[in-house]
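The values are calculated or read from the model by the stated rules, or taken from the named source; none is laboratory data. It should be emphasised that the depicted structure is a prediction, and the values quoted were computed from it without experimental measurement. Glycine gets a Cβ as well: all are built from the backbone with ideal geometry, and neighbour counts include every protein chain shown.
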Amino acid sequence: MSERKLFKGNEAVAEAAVRAGCRYFFGYPITPQNEIPEYMSRRLPEVGGCFLQAESEVAAINMVYGAASAGARVMTSSSSPGISLKQEGISYIAGSLLSPLIVNMVRGGPGLGDIQPAQSDYFQATKGGGHGDYRLIVFAPASIQEMVDLIYISFETGEKYRMPVMILADGVLGQMMESVEFPAMKEPKDPKSSAYGVTGAQGRPARVVKAFDLDPELMYNLNEKLADTWKKAEESEVRVEEYLMDDAEFALVAYGTSSRICRSVVDKARSEGVKLGLIRPITVWPFPKKAIGKAAGKVRGFLTVEMSLGQMVEDVRLAVDGKKPVYLHAVPGGLIPKRDEVLAQVKSIIQGKGV
Amino acid sequence: MQDVYRTSNSLTKNTMHYCPGCAHGIIHKLVAESIDELGIREKTIGVAPVGCAVLAYNYFNIDCVVAAHGRAPAMATGIKRVHPDRIVFTYQGDGDLASIGAAEIVHAAMRGEKITVIFVNNAIYGMTGGQMAPTTLVGQKTTTSPYGRQVEHCGSPIRIAEMLSTIPGAYSVSRVTVTTPANLMKAKKTIKRAFQNQIDGKGLNIVEVLSTCPTNWGRTPYESMRWVDENMVPYYPLGDFKVPEEAK
Amino acid sequence: MQKEYILSGFGGQGLMLAGVLLSEAGILDGKNVSWIPSYGPEMRGGTANCAVVVSEEPIGSPIVDNPDVVIAMNLPSMDKFEPLIKKGGLMVFNSSLIKSTPKRDDLTYVAVPANEIAESLGSEKVANMVMLGAMLKADGWVSTSSLGKVIEKKMTGSKAKFIPMNIAAIKKGEEIAG
């Protein structure tokens, strides 16, 4: 077992990506994720990789698009306003069946918003984000260790489905420190060995990487192919954690930072005799519909806790499909839900005093 | 039997979709011949733009990607940083490079990216139907400047070659055209040199090529070539704006 | 079992670092830890603070609303966090700068003249270590021996010469609390 080290979330993201064989990073400064590019600017030259600070998020994501087209494991990171700018490139990347890693340390919005932790980019992350029909595989870690582990596997998951991968975290996970154990260093694959990248048409027919076809029949085929891929990912890649759900009479649903507060809510509730459980999506796309649908058969209701005005709650309602009431504890603006306030709402709902 | 003429290995046999009198076909050919002559076809990667040349990947028999509008230099940067031993070029129009992609080309030049940029300037947006470009001449009528481009309303045309030549990271900057056999020969030499410079590890290398758009200009192919010579060349002078002695 | 700490003071008084050292000592003690800098509106008002959780269990929220223990290096910190400490909790305050008297009768208070002690040791910069030593002694959840090891491990090269002063500062703090 390797040593447990105290690591800041953002720096852990960068180190985990390097260990996963990522050798290329293109980014642009924005709070609260600056430690990621700063770390990469030191670390990548040590391992023969390339860090480049782009002139804008738009340029950064298109550099990522280029590097991914060239067959490389590549990543970028940003925070909400910057991720909005990157949507153009993400759409092209998805349409080109490439699989770079995009990290979003979400901050309060809309607009320039603030620099505090938020979960208000859920729609953007899980429903496409840019133009056209596409999805990303979106991981929502709740601890730095989990973030490290998910980043380590994210490249391979993305490459398996040829879909872009996103780590949807927030300022808390980026700025906090926890003890982590890093996985072993993986040998990066030679980009020239890519089966679909542009590497120079040496001894083979020329390749084209594009998200474009003027012929609607061919574009239809691409869309069908994407849909087929999503179906497979939805069947095999859902990750979810259930905490004390076996005998739960009421369930919280939360991901990332708010799920940690909810875990504390569950512990407090249990100590007071309230049979509360927690369903924590680890992938928010594909969404754990089955786990929530199953729970709808036995709990009296759900309370979704989000650091936004309520976005995931729509997916929870779709999964519950009207079988049980779904309530919302919404804390937007970059503020963080408080354990006692969430618990008070749970008790109020259970006692029939309203939401 | 002696070869009199042979199509370039770096071009496919596909029929080009370009309009009669459009110079894209000629410029493609000059690029392809340069690649052939330098023996780099199997190590060259092209970046197609958004615009009429979006389908360039159909005509170049080399590995290609299609960039988002204006982002070709950023995408080429990503490719070149992964494959520094490959030859990477972008092929961009004036809407793509001089308007929406102005930041990308300026910063690629600032970084001295070791790439080659073929910048085709025909003073109009062709693909979308003849709208005004940043390079549209003063007084020139387009579908979005129906009264002719007016300086007080939307400024004077931008001279990209002159601007980029002020950037320390730009290694070679030239402007050529293909309106006469003499101009064409000079263009070929300049384009080939812009690739040779990259082979020699130098960048950024940009060749601005003054081109035509008979369809959207409402002129015949012959008139269009003359229009370049008579109207564009006086505003966009031909020549090398920045070519180091060692590269000449 | 789990303990939640807030370390608060002026920017530059070394509270962020003290929180990191406390966290690393917690790891050496075999516990789970989380450290988070002040975030949100509490950043305003003359204090820089961090929250540390040291737990035998996986840590839920890293955000600390009601700490078990507070280190207050200045008056705004004392004013802000004194009302939030759990009943029976611990307040370790810098009596060099805080002249007000404790307001609650359900807390344990430890007054530490950290600036004076640090100056007597040779540098005001180790006032944070005096406070940390006093806190660890009074609290007892994270060991001072682990803290010493962390300091020895972290202070290398040109900083190694400051190890004895830091260790002495921790000892002085322990004496005050003991």
### Query
Only one of these conditions is not met by B:T142: (1) within 21 Å of B:N231 (Cα to Cα); (2) among the β-branched types (V, I, T); (3) under 18 Å from the mean Cα position of the chain (by Cα). Which number is it?
(3)
## Note on the structure
C:G148 fails exactly one of (1) crowded, with 16+ Cβ neighbours inside 10 Å; (2) more than 16 Å from the chain's Cα centre (by Cα), namely (2)
### Residues located in region C:129-174, provided they are in contact (Cβ under 8 Å) with a residue 40 or more places away in the chain and among the acidic types (D, E)
C:D139, C:E174
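Would you mind stating whether B:E113 is among the acidic types (D, E) and within 8 Å of chain A (Cβ to nearest Cβ)?
For B:E113, the condition - among the acidic types (D, E) and within 8 Å of chain A (Cβ to nearest Cβ) - is not met.
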### Summary
The residue that is surrounded by the most Cβ atoms within 10 Å (Cβ to Cβ), considering only those in region A:80-115 that are away from chain B (no Cβ under 14 Å) and among the small types (G, A, S), is A:S80
#### Entry: Selected residue (only one of B:I199, B:I118, B:I167 is β-branched (V, I, T), touching a residue at least 60 places away in the same chain (Cβ under 8 Å) and surrounded by fewer than 18 Cβ atoms within 10 Å (Cβ to Cβ))
B:I199
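Residue by residue, here is whether (1) in a strand (DSSP E or B); (2) touching a His at 6+ places or on another chain (Cβ under 7 Å); (3) more than 14 Å from chain A (Cβ to nearest Cβ) holds:
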{"residue": "B:Y5", "(1), (2), (3)": "no, no, yes"}
{"residue": "B:T15", "(1), (2), (3)": "no, no, yes"}
{"residue": "B:C22", "(1), (2), (3)": "no, no, yes"}
{"residue": "B:I26", "(1), (2), (3)": "no, no, yes"}
{"residue": "B:A32", "(1), (2), (3)": "no, no, no"}
{"residue": "B:V54", "(1), (2), (3)": "no, no, no"}
{"residue": "B:V65", "(1), (2), (3)": "yes, no, no"}
### Query
Out of all the residues in region B:202-224, which are surrounded by fewer than 21 Cβ atoms within 10 Å (Cβ to Cβ) and out of contact with any Pro (no Cβ under 7 Å at 6 or more places or on another chain)?
B:K202, B:T215, B:G218, B:R219, B:Y222, B:E223
### Among (1) more than 14 Å from chain C (Cβ to nearest Cβ); (2) under 23 Å from A:R107 (Cα atoms), the one test that A:I261 misses
(1)
### Query
Looking only at strands (runs of 3 or more DSSP E) that fall completely inside region C:69-178, which ones have 1 or more residues that are small (G, A, S)?
C:69-72, C:108-112
### Query
Tell me, which residue of region B:72-102 that is under 15 Å from A:V58 (Cα atoms) and facing another protein chain (nearest Cβ under 9 Å) is farthest from the chain's Cα centre (by Cα)?
B:G78
### Selection count, region C:22-55, where residues are over 19 Å from A:E146 (Cβ atoms), surrounded by fewer than 24 Cβ atoms within 10 Å (Cβ to Cβ) and either at pLDDT below 90 or not aliphatic (A, V, I, L, M) (or both)
13
### Query
Restricting the search to region B:16-32, which residues are aliphatic (A, V, I, L, M) and in contact with a Ser or Thr (Cβ under 8 Å, 6 or more places away or on another chain)?
B:A23, B:I27, B:V31, B:A32
### Message
Pairs please, first residue from region B:236-248 and on the phi > 0 side of the Ramachandran plot, second anywhere and among the basic types (K, R), Cβ atoms under 7 Å, 6+ apart in sequence or on different chains.
### Response
B:G239/B:R175
### Task
Might you let me know whether region A:306-313 holds any residue that is buried (at least 21 other Cβ atoms within 10 Å of the Cβ), aliphatic (A, V, I, L, M) and in a helix (DSSP H, G or I)?
yes
### Query
Among A:A59, A:A72, A:A118, A:A68, which is the only one that is out of contact with any Asp or Glu (no Cβ under 9 Å at 6 or more places or on another chain), farther than 21 Å from A:L226 by Cα and within 12 Å of another protein chain (Cβ to nearest Cβ)?
A:A72
### Query
Only one of (1) surrounded by fewer than 21 Cβ atoms within 10 Å (Cβ to Cβ); (2) touching a helix residue (DSSP H, G or I) at 6+ places or on another chain (Cβ under 9 Å) fails for A:G333. Which number is that?
(2)
### Summary
The residue that is nearest to A:E272 (Cα to Cα), considering only those in region A:332-347 that are assigned to a loop (DSSP other than H, G, I, E, B) and within 11 Å of chain C (Cβ to nearest Cβ), is A:K338
### Query
Looking at C:P62, is it in a loop (DSSP other than H, G, I, E, B) and modelled with pLDDT under 95?
yes
### Query
All but one of (1) within 18 Å of A:I30 (Cα to Cα); (2) modelled with pLDDT of 95 or more hold for A:I115; which doesn't?
(2)
### Query
Is it the case that some residue within region A:185-208 is more than 17 Å from A:A72 (Cα to Cα), without any contact (Cβ under 8 Å) to a residue 60 or more places away in the chain, surrounded by 11 or more Cβ atoms within 10 Å (Cβ to Cβ) and within 7 Å of another protein chain (Cβ to nearest Cβ)?
yes
### Message
Just to be sure before I move on: is A:G334 of a type outside the set (S, T, N, Q) and modelled with pLDDT under 95 in the structure I sent?
### Response
yes
#### Entry: Unmet criterion (only one of (1) touching a strand residue (DSSP E or B) at 6+ places or on another chain (Cβ under 8 Å); (2) in a loop (DSSP other than H, G, I, E, B)) for B:A123
(1)
#### Entry: Any hit, region C:78-87, residues being touching a residue at least 12 places away in the same chain (Cβ under 8 Å) and touching a helix residue (DSSP H, G or I) at 6+ places or on another chain (Cβ under 7 Å)
no
### Message
For region A:37-86, which positions are under 28 Å from A:S193 (Cβ atoms) and of a type in the set (S, T, Y)?
### Response
A:Y39, A:S41, A:Y65, A:S69, A:T76, A:S77
### Query
Does region C:13-27 hold any residues that are part of a helix (DSSP H, G or I) and either within 14 Å of C:K3 (Cα to Cα) or more than 12 Å from chain A (Cβ to nearest Cβ) (or both), and which are they?
C:L15, C:A18, C:G19, C:L22, C:S23, C:A25, C:G26, C:I27
